[in-house]
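What follows is a set of notes on a single structure, which appears directly below.
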Amino acid sequence: MAEMLIAWPKALVREGRELPTSGVPGVVTQLRAAGVTQLDGMTAPHKGQEEFRHTNLTALAEPLFRTLARPATLAHESIASWLYPDAAWAQIVFVNGVYCPALSTRRSLPETVYAGGLAEGWTGSHAATLEAHLGSCLGARSTFTALNSALLQDGAFVHVPRNTVLSAPIHCLFISLPQETPVSVHPRNLFVVDEGSEVSILCTYAGLAGKNPVLTNLVEETVLGANTRLDYCKVVQENAIGCHLSTHEVRQERDSRQNAFFASLSGGLVRNQAYTRLAGEGTQCHVSGLYLCDGQRTVDNYLHIAHEQPHGESRIFFKGILEDDSRAVFLGKVHVFPGAQQTDSEQLNNNLLLSERARVNTKPQLEIYADDVKCTHGATVGPPAEESVFYLRSRGISESTARGMLTRGFAEETLEAIRCDEARGRLAGHILDKYQVKR
Amino acid sequence: MLEIKDLRAAVNGVEILRGLNFSANAGEVHAIMGPNGSGKSTFAHVLSGKAGYEVLPGSQVRFQGRDLLELPAEERARLGLFLAFQYPVEIPGVTNANFLQTAANEIRESRGLDKLDALDFGDFLREKMAYVNVNPVMADRFVNHGFSGGEKKRNEILQLAVLEPSLAILDETDSGLDIDALRIVSEGVNKLRSPDRTFILVTHYQRLLSYVEPDFVHVLYKGQIVKSGGKDLALELEDKGYDWIKEEVDSNG
Ligand SMILES: Nc1ncnc2c1ncn2[C@@H]1O[C@H](COP(=O)(O)OP(=O)(O)OP(=O)(O)O)[C@@H](O)[C@H]1O
Ligand SMILES: [Mg+2]
């Protein structure tokens, strides 16, 4: 097993070396080279590593890593249902990681704001921003992030310059289109919000139906300047055999606020790994999430928040519903640096088990090196409370309806954290469909 | 409308209700009082169909001409039985309006009536909220979630008003209420009194009974109704406590 995983990147990296290099900025060339070097010295992810200890990596079959997805085009009709109908939104679309201008709309964006493909962005008027920030948040995390750098080609790039408040969200839609063989896609996203600006970014990762799996190995870097606000909502809806691995790196400067939501609705294996550095004073970072697991699926959330400066506030609220033989992993780590006084942090993970065979590993953790802080953490795992079922039945509601209501209520409570009505509404609809009639 | 003969129920093998006899006619208000641990909540739970109680053979409960003990909890509710909980349950994620619409419609459906759509139900709910003096914003809040003790009890009365049962059992709905909340709850109950609705008020306090005047007062002790009387019995109990009744029962063996 181990050898197999070590073998895969090499084949892909060979392909990566054939990526076009003309017009590519120095920072990209450097990142690719650094990725290749890192891969040489790295072992594949394995269970001996803390962050992969509970993750079922066997879903990552070797053929996924033999071939990079080829660029592809799609008709507008085949993606229309994933777009939001509001014409005032900028919606940028990617097929297998490559930006598709023909499917995207950007008319409503102010001229000073950029939202589009990374490769398009590195030649235009926002290139200096891209060069200044690309790679600046990413630590040497894992084979997956090194691989992403080695194969850096395209992804979403958003730049909101100083003192700009965007009223409409920017939607980034990533379509996974299965091919004749299993393939992998390595999108690299960069979101830069300059001082005093506010923006809402929605990301949808949608899998179209197909015989062969697609692996998305995403790396996303987000830089929040001083006094900024980001509302972020990521929805993963890969097909039943699709895999989604992501590493999110956020750096928050002073007085910035981040409100992020991670919805993992479908996919064979979904792993969200989000690292946030609260690098300035007085920052606020609220991260919530919902994962819905059934069949044999695994969803894995790894959240890391580093309170590096005083007066930071962080919240991690994640909930999951598990059916059948599914499995969920939650690891939360709040790290309070020496001197990060007056840190206020809460962490909670609740899991609703609808099957006795489903399994959850949850571990909210605190690592505190300052003395004047307020930090709490907790987790629950269990079936629906019989007390609640009885309360509803005592009002004339049948048992199956009662269980469905409780399940939907459990999930819907998390949606309160989402500020974008359209995104919240779409998720509420999904929950309603999925748990309408309880088996 | 309700006739109970020799009701015996055990929890974890311990008999809590030990041959309880009780009957009530339509429109009557019965108060049930008694020392802590005498079995009052157990009585209410067994009638409402809560799991975890073993009802022993020979127990008989007839309600609206049906054998109540045979029915699952939801069917008892559809038949017209309502329990206001001593400790109402919080249900995050489910709004009061959604909860009550679902309940009202399942009850209507079981009686062969058309379901109410969200608009019609919304009007109906607003009317009931005004009637029992509950703030309309409560409709969109999650059921009992983050409610104060008083708000939870008032929410039980709202449910009573919406579901229009023929038998309402209130388990200590007055406990822990300040005087203003008690007045609002009592007014709600008085408004909801009607010739075809029976109330069983489980309470420790005469205070409630000065607002909601009962037709009968019963004392439950060691799992049996050991004394019954008119509303004056509550005053006597308030005055003298339960010791004289306990002695009477315990010496009779
Ligand atoms: N689930 C249970 N498991 C074990 N014992 C129980 C359970 N429920 C009730 N009991 C016991 O049954 C007896 C009667 O309890 P019950 O709650 O019915 O009393 P009550 O009259 O309502 O008291 P209070 O006035 O304090 O509300 C008590 O001794 C109680 O400890
Ligand atoms: Mg009680």
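The values are calculated or read from the model by the stated rules, or taken from the named source; none is laboratory data. Predicted model, so just to flag it, every value in this text is computed and none were measured. Here the Cβ is made from the backbone with ideal geometry for all residues, glycine too, and neighbour counts use every protein chain on show. These area figures cover heavy atoms from the full protein model, side chains too; ligands, DNA and RNA do not enter into them. Shrake-Rupley method; radii C 1.70, N 1.55, O 1.52, S 1.80 Å.
Some values worked out for this structure:
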quantity: Residues (more than 16 Å from A:F261 (Cβ to Cβ) and part of a strand (DSSP E or B)) located in the range A:190-212; calculated: A:L190, A:V192, A:V193, A:E198, A:A206, A:G207
quantity: Qualifying residue in the range B:179-186 (condition: assigned to a helix (DSSP H, G or I) and within 28 Å of B:F63 (Cα to Cα)); calculated: yes
quantity: Filter pass, B:P35 being more than 19 Å from B:D171 (Cβ to Cβ), of a type outside the set (A, V, I, L, M, F, W, C) and either within 16 Å of ligand 1 (Cβ to nearest atom) or surrounded by fewer than 23 Cβ atoms within 10 Å (Cβ to Cβ) (or both); calculated: no
quantity: Long-range neighbours under 7 Å by Cβ, at least six apart or interchain, first residue facing another protein chain (nearest Cβ under 10 Å) within the range B:69-84, second among the basic types (K, R) and not in a loop (DSSP other than H, G, I, E, B); calculated: B:A73/A:R393; B:E74/A:R393; B:L79/B:R66
quantity: Sole exception among (1) open to solvent by 10 Å² or more (accessible area, probe 1.4 Å); (2) over 21 Å from A:C420 (Cβ atoms) for A:F317, by number; calculated: (2)
quantity: All positions within the range B:171-229 that are of a type in the set (S, T, Y), more than 15 Å from ligand 1 (Cβ to nearest atom), within 22 Å of B:A130 (Cβ to Cβ) and surrounded by 15 or more Cβ atoms within 10 Å (Cβ to Cβ); calculated: B:S186
quantity: Count of residues meeting criterion [within 14 Å of chain A (Cβ to nearest Cβ) and surrounded by 16 or more Cβ atoms within 10 Å (Cβ to Cβ)] in the range B:146-163; calculated: 11
quantity: Residue in the range A:378-388 that is more than 9 Å from every other protein chain (Cβ to nearest Cβ) and under 26 Å from A:D231 (Cα atoms) present; calculated: yes
quantity: Condition check for A:Q365: open to solvent by 10 Å² or more (accessible area, probe 1.4 Å) and within 25 Å of A:Q284 (Cα to Cα); calculated: yes
quantity: Failed criterion for B:M1 (all others in (1) among the hydrophobic types (A, V, I, L, M, F, W, C); (2) open to solvent by less than 20 Å² (accessible area, probe 1.4 Å); (3) away from ligand 2 (no atom under 16 Å from the Cβ) hold); calculated: (2)
quantity: Test for B:I245: is it open to solvent by 30 Å² or more (accessible area, probe 1.4 Å), among the β-branched types (V, I, T) and in contact with a Phe, Trp or Tyr (Cβ under 7 Å, 6 or more places away or on another chain); calculated: no
quantity: Output for the range A:120-149, where each listed residue is touching a residue at least 24 places away in the same chain (Cβ under 8 Å), farther than 30 Å from A:Y302 by Cα, of a type outside the set (S, T, Y) and in a loop (DSSP other than H, G, I, E, B); calculated: A:W122, A:H126
quantity: Unmet requirement for A:G121, which otherwise passes all of (1) modelled with pLDDT under 95; (2) open to solvent by 30 Å² or more (accessible area, probe 1.4 Å); calculated: (2)
quantity: Filter result for the condition that a residue is in a loop (DSSP other than H, G, I, E, B) and within 13 Å of another protein chain (Cβ to nearest Cβ), over B:G52, B:G93; calculated: B:G52
quantity: Candidates A:T414, A:T407, filtered to the one that is assigned to a helix (DSSP H, G or I), within 14 Å of another protein chain (Cβ to nearest Cβ), open to solvent by less than 20 Å² (accessible area, probe 1.4 Å) and more than 22 Å from B:Q101 (Cα to Cα); calculated: A:T414
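Yes/no per residue for (1) within 20 Å of A:S125 (Cβ to Cβ); (2) open to solvent by 30 Å² or more (accessible area, probe 1.4 Å); (3) at pLDDT 95 or above:
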{"position": "A:S142", "(1), (2), (3)": "no, no, no"}
{"position": "A:N148", "(1), (2), (3)": "no, no, no"}
{"position": "A:I175", "(1), (2), (3)": "no, no, yes"}
{"position": "A:T181", "(1), (2), (3)": "no, yes, no"}
{"position": "A:S184", "(1), (2), (3)": "no, no, no"}
